[in-house]
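Trainee: Pasting a structure below so you can have a look.
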Amino acid sequence: MKVKKAIIPAAGLGTRLLPATKAVPKEMLPILDKPAIQYIVEEAVEAGIEEILIITSRGKEAIENHFDISYELERHLEEKNKQELLDIIKPINSLAKIYFIRQQAPKGLGHAIGIAKEFINNEPFAVLLGDDLFYHEQKNCLKSLIDIYEQEKKSVFALMKVPIEDVNKYGIISGKKVEENLYSIKSLIEKPSPMEAPTNLAVMGRYIFTSKIFEMIEETAPGKGGEIQITDAMNKLLAFQGMYGYIFDGKRYDTGNLLGYLKTIVEYGLRREDISGLFKDYLKEII
Ligand code: UTP
């Protein structure tokens with residue numbers, strides 16, 4: 001069965017970016033002139049995803065509005081003959097079939113994924129975290145995972161090497177290398193200390209799951225902070241099905257913390273042809 005559906009969990013409170021995220025969802029914060037979540041939807045569509053369920057929560061209506069038709073704006077731009085701007089905003093509402101569902105309380109990523117069970121309906125599916133951006137000149141991270149799933153028919157997720165002193169910020173794997181950049185997973189540990197960590201390979205925000213993960217989420221009790229951790233459900237899944245981790249050799253940007261957000265904007269700015277020259281000159285001048 002092909003991977004055609006994706007979930008984007010975007011219901012978190014975004015407390016690390018307060019006060020900016022008090023009324024604006026962190027997934028809507030602009031990376032240059034596009035909100036972070038639009039890059040993520042575009043990555044999914046480019047990877048062949050046709051239907052996307054975005055998990056939102058109270059106060060996140062801006063996400064729904066962004067992917068909806070904006071009649072007043074379109075009429076205004078038409079009247080003013082601003083075709084270039086129309087070409088930018090019109091395609092946003094037809095990128096894919098996009099649906100929304102609310103997570104009523106921020107009970108963790110595992111819980112957020114769990115509420116998409118009916119939408120997924122026993123198919124393999126993708127999960128893209130709403131605040132993680134991936135970039136590679138030639139590769140699409142999600143597409144690489146889908147290709148592995150289609151060959152192996154097992155759940156697979158993105159991994160990146162992190163400095164050993166940072167392992168306590170991530171889910172870390174232990175596993176066996178089966179191919180260049182591909183690991184068969186033995187277990188996952190959530191935020192271990194550098195002493196406990198079996199590797200420095202960290203789980204990043206792109207996953208393909210078989211629908212068996214929903215049973216595992218249902219059996220997972222809330223952990224730290226009363227949240228249902230997806231890592232716990234993934235460890236349970238390992239008892240039934242193998243799972244792979246794929247080392248993505250591109251760049252990953254965590255837009256959900258202040259330094260990560262700044263780095264994202266600077267690097268996207270330096271890659272953006274129409275402003276990169278002037279922006280580079282400016283950076284050189286001030287540093
Ligand atoms: P994070 O832990 O980075 O998001 O979750 P957060 O909880 O909003 O962040 P802070 O720590 O308060 O700053 C990763 C992704 O999972 C979603 C978030 O919206 C984010 O895109 N998420 C997290 C949910 O959808 N529901 C949850 O209960 C938790």
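The values are calculated or read from the model by the stated rules, or taken from the named source; none is laboratory data. Note that the coordinates shown come from a computational prediction; the quantities given were computed from them, not determined experimentally. Positions of Cβ are backbone-derived with ideal geometry, glycine not excepted, and every protein chain shown enters the neighbour counts. Just the protein is used for accessible areas: all its heavy atoms, side chains included, with ligands, DNA and RNA removed. Shrake-Rupley method; radii C 1.70, N 1.55, O 1.52, S 1.80 Å.
Trainee: Got a sec to turn the phi values of segment 96-108 into Karplus ³J(HN,Hα) couplings, 6.51 cos²θ - 1.76 cosθ + 1.60 with θ = phi - 60°, whole Hz, x for Gly and Pro?
Mentor: 7, 7, 10, 10, 10, 9, 9, 8, 6, 9, x, 8, x
Trainee: Let me ask you something else. Just to be sure I understand: of the beta bridges DSSP finds with both ends in the chain, what percent are antiparallel, rounded to 5?
Mentor: 60
Trainee: Further, regarding this structure: If you stretched the chain out fully between L86 and A62, how much longer would it get, using 0.36 nm times the residue separation minus the C-alpha to C-alpha distance?
Mentor: Gain on extension, L86 to A62, equals 6.7 nm.
Trainee: Roughly how many whole Å is it from the C-alpha centroid of segment 140-165 to that of segment 1-79?
Mentor: Answer, in whole Å: 23.
Trainee: In addition: Could you run the Karplus curve 6.51 cos²θ - 1.76 cosθ + 1.60 with θ = phi - 60° over segment 278-287 and give me ³J(HN,Hα) per residue in whole Hz, x for Gly and Pro?
Mentor: 5, 5, 4, 4, 4, 4, 4, 5, 8, 8
Trainee: Among the lysines, which fall within straight-line cross-link reach of K80, defined as a Cα-Cα distance under 29 Å, with same-chain neighbours fewer than 8 residues apart omitted?
Mentor: Excluding near neighbours in sequence, the set is K34, K90.
Trainee: Determine the sum of side-chain charges near I164: Lys and Arg each +1, Asp and Glu each -1, restricted to other residues whose C-beta is under 14 angstrom from that of I164.
Mentor: 0
Trainee: What shape does segment 157-212 have by the C-alpha gyration tensor, where a ≥ b ≥ c are the square roots of the eigenvalues, rounded means a/c under 1.5, and otherwise prolate means a/b greater than b/c and oblate the rest? Provide the component values of the computation, followed by the final result.
Mentor: On the way: a/c = 1.79, a/b = 1.45, b/c = 1.23.
Prolate shape, in that a/c is at least 1.5 and a/b is the bigger ratio.
Trainee: Using a simple charge model, +1 on the beta-carbon of Lys and Arg, -1 on the beta-carbon of Asp and Glu, nothing else, what dipole does segment 1-146 show about its Cα centre, in debye to the nearest 20?
Mentor: It works out to roughly 580 debye.
Trainee: Moving to a separate point now. Determine the gain in length on full extension of the stretch E227-E165; use 0.36 nm per residue of separation and subtract their C-alpha separation, reporting nm with one decimal.
Mentor: Length gained between E227 and E165: 19.8 nm.
Trainee: Given contacts defined as C-alpha pairs under 8 Å and at least six residues apart, what's the relative contact order of the chain, whole-number percent?
Mentor: On the way: 513 pairs, mean separation 63.9, N = 287.
This gives 22 percent for the chain.
Trainee: F279 versus L258, label points 7 Å from Cα toward the beta carbon: distance in nm?
Mentor: Taking the simple label geometry, F279 and L258 are separated by 2.2 nm.
Trainee: Compute, for segment 129-287, the length of the dipole vector about the Cα centre, with Cβ point charges of +1 (Lys, Arg) and -1 (Asp, Glu) only. Units Debye, rounded to 20.
Mentor: Details: 21 positive and 24 negative charges, 50 e Å.
Roughly 240 debye, rounded to the nearest 20.
Trainee: Can I ask one more? According to the square roots a ≥ b ≥ c of the eigenvalues of the Cα gyration tensor, what is the shape class of segment 67-143, taking rounded for a/c under 1.5, prolate for a/b larger than b/c otherwise, and oblate for the remainder?
Mentor: prolate
Trainee: Shape call for segment 1-49 from the C-alpha gyration tensor, a ≥ b ≥ c root eigenvalues: rounded (a/c under 1.5), prolate (a/b greater than b/c) or oblate?
Mentor: oblate
Trainee: Still on this model: With charges set only on the Cβ (+1 for Lys and Arg, -1 for Asp and Glu), what does the dipole of the chain come to about its Cα centre, in debye to the nearest 20?
Mentor: Dipole about the Cα centre, nearest 20: 660 debye.
Trainee: Another one. Go through P124, I172, G205 and say which Cα lies farthest out towards the positive end of the charge dipole of segment 121-260; charges sit on Cβ, +1 for Lys and Arg, -1 for Asp and Glu.
Mentor: Toward the positive end, the furthest listed residue is I172.
Trainee: What is the local net charge at K280, summed over the other residues whose Cβ is closer than 15 Å to its Cβ (Lys, Arg +1; Asp, Glu -1)?
Mentor: Numbers: positive: R271, R272, K284; negative: E267, E273, D274, D281, E285.
Overall, the nearby charge balance is -2.
Trainee: By how many nm would the segment from K212 to K236 grow when fully extended, if each residue of separation counts as 0.36 nm and the alpha-carbon distance is taken off?
Mentor: Answer, rounded to one decimal: 7.6 nm.
Trainee: Using a 1.4 Å probe on the protein heavy atoms, what percent of the accessible area of the chain belongs to carbon and sulfur?
Mentor: Details: 7780 of 14980 Å².
On the chain, the fraction of accessible area on carbon and sulfur atoms equals 52 percent.
Trainee: Looking at segment 151-287, what % of its DSSP beta bridges pair antiparallel, to the nearest 5?
Mentor: So the antiparallel bridges amount to about 75 percent of the total.
Trainee: Rounded to the nearest 5, what % of the DSSP beta bridges within segment 10-138 are antiparallel ones?
Mentor: Percent antiparallel among DSSP bridges in segment 10-138 is about 25.
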